1. For 85, 248, what's the fewest-to-most ordering of other Cβ within 10 Å of each Cβ?
2. Looking at the chain only, what percent of DSSP beta bridges run antiparallel? Nearest 5 please.
3. Taking Cα centroids, how far is segment 1-53 from segment 224-301 in Å?
4. Given the DSSP H assignment, sum -39500 (n - 2.57) over each helix run of at least 4 residues in the chain and divide by its residue total; what's the result at 222 nm in deg cm²/dmol, nearest 500?
5. To the nearest 10 degrees, how steeply does helix 285-300 sit against the main Cα axis of the chain, on a 0 to 90 scale?
6. So how do 130, 11 line up by other beta-carbon neighbours within 10 Å, fewest first?
7. How much FRET efficiency would the formula 1/(1 + (r/R0)^6) give for residue 129 and residue 213, where r is the Cβ-Cβ distance and R0 is 30 Å, rounded to 0.05?
8. Against the longest alpha carbon principal axis of the chain, how many degrees, from 0 to 90 and to the nearest 10, is the axis of helix 93-111 turned?
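Throughout, read-outs are computed from the coordinates displayed, never taken from laboratory work. Bear in mind the structure is a predicted one, so any value in this text is a computation, not a measurement. Methodologically, a virtual Cβ is constructed for each residue, glycine included, from the backbone with ideal geometry; neighbour enumeration extends over all protein chains shown.
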Ligand code: OXD
């Protein structure tokens with residue numbers, strides 16, 4: 001059995017070591033270096049993150065496609081993607097845990113006004129700021145999949161006022177569910193009650209640019225945005241305008257329309273922006289290899305891999 005690792009990120013050696021330990025019968029190859037020396041049609045499996053367009057089409061013997069990321073938008077943009085194959089999203093304990101850490105950390109940063117205290121320290125000011133009861137702090141998570149649920153589950157014991165918004169109704173104890181566009185449980189109502197907005201949505205035609213001027217205006221004054229989904233969810237000029245006008249109290253951004261974020265982009269220096277380089281949570285081979293091996297074993301037994309992407313929905 002052969003697996004071709006196709007990823008712009010340089011983490012092939014971690015995966016080689018983990019897969020060799022857990023599935024020694026699997027030959028591990030890396031795109032593009034190993035491509036010229038193998039019959040590409042003989043490759044059974046692939047592990048991919050943002051593959052170059054056309055690469056997967058060349059692997060004509062693939063049995064399914066394993067995404068290295070939870071989000072698969074970087075795969076679906078390839079017009080030559082072999083769509084007859086099942087694509088499995090990455091669902092991994094450490095990926096979920098990392099995202100939850102990032103969200104909890106940043107929620108508490110804003111909730112406890114740590115940015116304001118940092119500014120006071122820089123100015124040599126000793127001043128207590130009003131402490132807000134978490135039960136009145138309204139957190140809104142867009143997207144209640146595996147990542148959103150875990151973050152909500154870890155925020156609930158801190159007694160935040162939790163809500164979620166998704167395309168279809170979702171049930172989670174302690175979390176008020178909003179869904180769809182209109183009505184008392186729709187998107188506008190969700191935005192109107194949200195002080196800390198967390199975006200965990202998949203990037204699809206329906207969600208691209210969802211963090212735009214019209215929707216930001218529906219948030220209460222002083223609300224903050226935490227985007228750890230995709231840069232394409234945000235209309236950058238609208239977000240910057242909402243920060244500059246003071247309507248938005250801050251933005252924590254892990255993902256960007258162009259990555260790496262170009263030098264000179266306003267986000268680098270804007271006082272209202274805190275940013276990380278798409279590292280809110282990284283798929284770690286030591287933990288996720290188990291999931292990949294399980295999927296390969298399932299496919300070898302003639303079963304479907306876990307967490308297959310719905311191509312129509314885009315996630
Ligand atoms: C992912 C990511 O989709 O890291 O997993 O962005």
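1. 85, 248
2. Of those bridges, close to 5 percent are antiparallel.
3. Computed from Cα coordinates, the inter-centre distance equals 26 Å.
4. Roughly -8500 deg cm²/dmol at 222 nm, from the helical runs in the chain.
5. Roughly 50 degrees between the two axes.
6. The fewest-first ordering by Cβ neighbours comes to 130, 11.
7. 0.55
8. 10
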